[in-house]
């Protein structure tokens, strides 16, 4: 089967990275081959889960088929065919005959014999009959397809202007406050408080494609740089592997029979190390290739739409493309931002290799130094800056992020959490800690390792934690069983109770604090307040708000007006308040206690602690802290007069990060810094 292409370019499937065959577009605007999507869905779907959705292969947005009760094998075909992708090519048989465009839209391949000049469509005999019998189409000029130039035969371009949130509604309005494409129901239900809303026609008059095309061109170049460097680094790693294999083989060859076993052990270790880093680099390269393909698709899409579509259609496609690019870049940063692409294999030979064969136990020591190249870092930074530019240029966020707070609700039914009972009090200075539960990342779901940096207990609901890594809030019941998650726009850091019933305050990495409510399993954002750069922990003390930044502790009023700023040293800090009207923070590896007005009460340094991170206070004012590098948990009295090591080490958590305390039970929760064990729960018991 031959295919004609525009400028010899085709759109690529973001799974197989080949030409997209029968393209299907998901609600997040990413497009895949129907066959690739079907294979992915069947491999992703787990019957025991009884799920009615699957995550997008690229951005992991939940995607629901049109009929949730339909067999899983039919889900891929239920999504709309991306006619814009299909419009760049036409299919013909090996003998040069053209397929009917109407039949291709239904995934059928029938030879076309006619061409409608009015519709610019190729028609087979049955479609020609249906075309002639239609009152609206009967006057169209239809000729034999042999009379048409091959360059004029293209699938008709159609812009999907349907609202992804409201069935049967079309996109008619643009909200400039949220950069959102909206239907009438979107405006009524989710943007009723917005003041800057206009029709698509009015917005299109102010729209310019030049800046978008320029920025997309830059992004394409940067993505190409990343992919080319990854390919070069993979080649270098392969060369290093081959070279080292030959060198080691030569050394082994010089040693006699006794070295055979040592050679085998070394080669096994080398192969394992090589495969691990090769797989890591392959995965990084594939991710960047997918992103490169997505950029190429978007650039190609802009050319197709610019030539064939009216202004409104061009605007819609452009905004949709920017949305999926934003989600893709975020995903790209999560998957490749901290993954190295430079691995240097070095062989440190044993000094006695050629001298004392009989006493040798190893051929040498394999060392791997890895790093992320500066050029890749620069390119990824440039891509992020380009996305920011696009977002500032009349851009649109994803629908899940651009809608109002009333839309930020989990689709899973609320599960009530029973109130906790009060257990007999244990003296924390004489009692010991016993492991209650260890929660593995697999029990939470998702492909990314969670990083729980904060949490708050909510009566009748359970434990609500911030998953910094995955931009989620995770809800656990009173037995620490995972219930559901709530997606948020930016990376959430720490969370605390607000001043009103059911009110929560959440710090985010983008210098904002979310004020929201949580009631009956529903999370609703009230507003977002601009806060401080490099902020981390948050808590309330009386009528004041405490925010810990990289260089200070900020004391604010309830409406976020600064009262005072206290300098400190160290990196990210938490600022827990105590029932005794005190609050605590780190100053490097020293715990500082202050009164409500910021005056220093005492300083205390726990012996042996390194890289102090999490801090929490119990009902009696005792302070619990964890050392991320030392891997231990310490207890400090409320007045700083004594301390003890509660946990010198934890099995499964090498780098503890945040620490929480149950409000009624003598239980502490210790989270990890991106490890397989998300968190562990310990309770106090008698010695």
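Values in this text are rule-based calculations from the coordinates and carry no lab data. Just so it is clear, the structure is predicted and the values come from calculations on it, not from any experiment. Because the Cβ atoms are built from the backbone with ideal geometry, glycine has one as well, and the counts that use them run over all protein chains shown.
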| query | Which value in nm describes the separation of the simple spin-label points at residue 381 and residue 192, placed 7 Å from the Cα toward the beta carbon? | reply | 4.6 nm
| request: Percent of Cα-Cα pairs per 5 Å bin, from 0 to the last occupied bin, for region 223-305, please list those. | output: 3, 13, 16, 15, 11, 10, 8, 7, 5, 4, 3, 2, 1, 0, 0
| query | Using 0.36 nm per residue, how much length does the chain from residue 129 to residue 21 gain when fully extended, once their Cα-Cα distance is taken away? | reply | 36.0 nm
| said: On alpha carbon coordinates alone, what is the Rg over Rh value for region 212-385, Rh being the Kirkwood radius? | reply: 1.23
| Short version: what are the Cα gyration tensor semi-axes of region 426-685, square root of 5 times each eigenvalue, largest first, in whole Å? | 24, 24, 17
| query | To one decimal place, what Kirkwood hydrodynamic radius in Å is obtained for region 513-607 from all pairs of distinct Cα atoms? | reply | 14.0 Å
| So for the pair residue 231, residue 111, with labels modelled 7 Å out along Cα→Cβ, what separation do we get in nm? | 4.1 nm
| Difference of contour (0.36 nm per residue) and Cα-Cα distance, residue 140 to residue 169 | 7.5 nm
| message | Bin width 10 Å, origin at 0, all Cα-Cα pairs of region 597-687: what percent of pairs per bin? | response | 17, 50, 29, 4, 0
| task | Obtain the nm distance between the two label points defined at residue 557 and residue 520 by a simple spin-label model: each point lies 7 Å from its Cα along the Cα-to-C-beta direction. | result | 3.5 nm
| request: Place a label point 7 angstrom from the Cα of residue 509 along the Cα-to-Cβ direction, then list the residues of region 425-444 whose backbone nitrogen is under 20 Å away. | output: 441
| query | Size of region 459-500 along its principal axes in angstrom, Cα-based, largest extent first? | reply | 27, 27, 12
| When only Cα pairs under 8 Å and 6 or more residues apart are kept, what is the percent relative contact order across region 212-385? | 35 percent
